[in-house]
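Chemist: Let me give you the structure first, and then I'll get to my questions.
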Amino acid sequence: METKDVIITVDGKHLDRIEQVADDLRKSGFIVKDVHKIIGIITGKVTTTMRPKIANIDGIVTVEEKQNAKVPPPDSEIQ
Amino acid sequence: MNPLIGDVNKNVYTGRYIVTFRQDAIQDGMRLLNNLTGVKNIPTTSDFIEGNWNIDQVKSAKGAVYEKLGVAVIEADEQQMMQLQMANEDEKTSIIAYEPELMMHAIEDLNPIELNNGNDANIPLSYIKGCRDEIDSLYQRLVSGDLNISTTDQQVMEVYEDTSMETWGLQATNVNNSQYSGRGIRVAVLDTGFDFSHPDFRGRRIESQSFVSGETVQDVHGHGTHCIGTACGARSNTGQRYGVAYESEIYVGKVLGNSGNGDDMGVLAGIEWALSNNCHIISMSLGPAVPICTTTIAYEQVGQRALQQGGLIIAAAGNTANRGRGNFSCVGRPANSKSIMAVAALNNRLQAASFSPRSGNNEGGEIDIAAPGVRIFSSWTLPNRYKIIDGTSMATPHVSGIAALFAEAYQARGYQLWQLLSSNARRLSLPNLDVGAGIVQAP
């Protein structure tokens, strides 16, 4: 089944309970990669079918797809 | 004419005076005021419960002391103010300034368009305002060089060049005249890592962490070493200074692999790591290769949470424009979050670099500030040791290093630091869409 890397923003009220939010996500089939307590972000993988379900978990502001970041090759004049 | 003792124009001045105290001498200053002017029993802001100002009491007491601001507003006549001025000239202590209080008005259009009676064509005002805006815009583009039309009225062009003493970027940002070095300030650079064998950084305190699986922090690409050189470096082997905050503590977060590629997962992990290490400034010269103008809720929240914790995230606007072809692109993510400072690149004539994007229409998609980003000399991985390159990636560490100088100079953090960078930036004769507050200036 197709999975996507996503970034989950946790709301301010749930910052001190972010581990609980992560547990709730795991129970819904979400594969947690990192739980960032300070910035209130949980990253991980989710299947396309499960995605609408996790968006409704208490404490979650939004689920956004991961983007890549990059810099040009070393020999490029514009970096 | 001294406005303190001149005619008080009732349409301009209120008749009261604003007295600014030295921050650590408010009590002394108030005593001086009492003794000389006879103005007594002035309520201070601490007399009132927060948000519960009693303006009648302030008026009947003929003034108020704003303790947190170190300012008092008092009602006094010119005679009293003159005595105060003379007394303070002797002591030169507790009072920094006294100025007449001004009347305040809602700001209106200072150049209203007045239609004369000859408006037979019945042209709507909105149309005429639109025309005016277009002419203003044309004028701006002419002045900024976006339109290649020669004018005899152009300002004398400023040009900076690298010298044996320092790079042009440090001159244009006044870093070379700053007494600050970023001492005690933690600067995190999230990039391709750092070349730990670089001789220019011997003896520096460097903390590091890799967020790229299977790769150490050691920089193989060069980009990270270049950015760290500008933000936190010092001098080259020939003695030329190229780095800004040369006594700052360097935090290297490797979030881009040796190929130059990475993703949000690594970037977010790097920000979390930097904040958990109490970094004051987080410099990110990265973004997607193609312009992604849409903002993300995640980065907006992250930027806000960083600011609340005393961390300022500064990010490159991207190199996606091609101004020569009329393509101004947009500020890319993550710089296009309101809570993240977006940096544009300038060349050594203080013109927007051809690749430097313009503010977009989306909220947060604004250029906030500009810095040198064309032909920037800085450290590179060995054996090259140094390299001259272009990019908003190179402009960003100028701002980050200068943020460290402000953090040291004013003990400012988070939002305060942002404010200091913006308010001290030097305004340029360019659209703010391109350069935000102007070119960053060191304290």
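The values are calculated or read from the model by the stated rules, or taken from the named source; none is laboratory data. As the structure is a prediction and not an experimental result, all values here were calculated from the model. Glycine also receives a Cβ, built like all others from the backbone with ideal geometry; neighbour counts cover every protein chain displayed.
Chemist: For B:Glu249, only one of the following conditions fails: (1) within 26 Å of the chain's Cα centre (by Cα); (2) surrounded by fewer than 24 Cβ atoms within 10 Å (Cβ to Cβ); (3) at the interface with chain A (Cβ under 8 Å from one of its Cβ atoms). What is its number?
Modeler: Failing condition for B:Glu249: (3).
Chemist: Filter the range B:423-443 down to the residues that are part of a helix (DSSP H, G or I) and closer than 28 Å to B:Gly326 by Cα and list them by number.
Modeler: B:Asn432, B:Leu433, B:Asp434, B:Val435
Chemist: Here's another thing I want to ask about it. Specify which of the listed residues (B:Leu190, B:Leu256, B:Leu170) is surrounded by 17 or more Cβ atoms within 10 Å (Cβ to Cβ), aliphatic (A, V, I, L, M) and farther than 30 Å from A:Thr9 by Cα.
Modeler: Answer to the selection: B:Leu170.
Chemist: Shifting gears a bit: If you check B:Ala231 against the conditions, is it of a type in the set (Gly, Ala, Ser), in contact (Cβ under 8 Å) with a residue 24 or more places away in the chain and at the interface with chain A (Cβ under 10 Å from one of its Cβ atoms)?
Modeler: no
Chemist: Can you list residue pairs whose Cβ atoms sit under 7 Å apart, with the first residue in the range B:244-269 being assigned by TED's automatic domain parsing to the domain that holds B:Ala409 and within 30 Å of B:Gln171 (Cα to Cα) and the second being outside any helix (DSSP H, G or I) and aromatic (Phe, Trp, Tyr)? Count only pairs 6 or more apart in sequence or on different chains.
Modeler: Within 7 Å, the pairs are B:Val252/B:Phe194; B:Gly253/B:Phe211; B:Lys254/B:Phe211.
Chemist: Quick one: is B:Ala289 within 10 Å of another protein chain (Cβ to nearest Cβ), closer than 24 Å to B:Gly229 by Cα and in contact (Cβ under 8 Å) with a residue 60 or more places away in the chain?
Modeler: Here the answer is no, as B:Ala289 does not meet what is asked.
Rundown of residues vs (1) in contact with a Lys or Arg (Cβ under 7 Å, 6 or more places away or on another chain); (2) in contact (Cβ under 8 Å) with a residue 12 or more places away in the chain; (3) among the β-branched types (Val, Ile, Thr), yes/no style:
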{"residue": "A:Thr9", "(1), (2), (3)": "no, yes, yes"}
{"residue": "A:Gly12", "(1), (2), (3)": "no, yes, no"}
{"residue": "A:Arg17", "(1), (2), (3)": "no, yes, no"}
{"residue": "A:Asp24", "(1), (2), (3)": "no, yes, no"}
{"residue": "A:Gly44", "(1), (2), (3)": "yes, yes, no"}
{"residue": "A:Pro73", "(1), (2), (3)": "no, no, no"}
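Chemist: While we're on this one: So for the range B:89-105 (the condition being of a type in the set (S, T, N, Q), at pLDDT 70 or above, in contact with a Leu (Cβ under 8 Å, 6 or more places away or on another chain) and assigned to a loop (DSSP other than H, G, I, E, B)), does at least one residue qualify?
Modeler: Yes, there is a match, as at least one residue in the range B:89-105 is of a type in the set (S, T, N, Q), at pLDDT 70 or above, in contact with a Leu (Cβ under 8 Å, 6 or more places away or on another chain) and assigned to a loop (DSSP other than H, G, I, E, B).
Chemist: Looking only at residues that are charged (D, E, K, R) and outside any strand (DSSP E or B) in the range B:339-394, which one is farthest from B:Val435 (Cα to Cα)?
Modeler: Top of the filtered list is B:Arg385.
Chemist: Report, by residue number, each residue of the range B:319-350 that is among the charged types (D, E, K, R) and within 14 Å of chain A (Cβ to nearest Cβ).
Modeler: B:Arg323, B:Arg333
Chemist: Take the residues in the range B:287-303 that are closer than 23 Å to A:Lys37 by Cβ and aliphatic (A, V, I, L, M); name whichever of them is surrounded by the fewest Cβ atoms within 10 Å (Cβ to Cβ).
Modeler: B:Ile297
Chemist: Name the single residue, out of those in the range B:193-227 being within 14 Å of chain A (Cβ to nearest Cβ) and in a helix (DSSP H, G or I), that is surrounded by the fewest Cβ atoms within 10 Å (Cβ to Cβ).
Modeler: Checked the range B:193-227; the qualifying residue surrounded by the fewest Cβ atoms within 10 Å (Cβ to Cβ) is B:His223.
Chemist: Of all residues in the range B:292-310, count the ones that are at the interface with another protein chain (Cβ under 10 Å from one of its Cβ atoms), within 14 Å of B:Ser337 (Cβ to Cβ) and not β-branched (Val, Ile, Thr).
Modeler: Within the range B:292-310, residues that are at the interface with another protein chain (Cβ under 10 Å from one of its Cβ atoms), within 14 Å of B:Ser337 (Cβ to Cβ) and not β-branched (Val, Ile, Thr) number 8.
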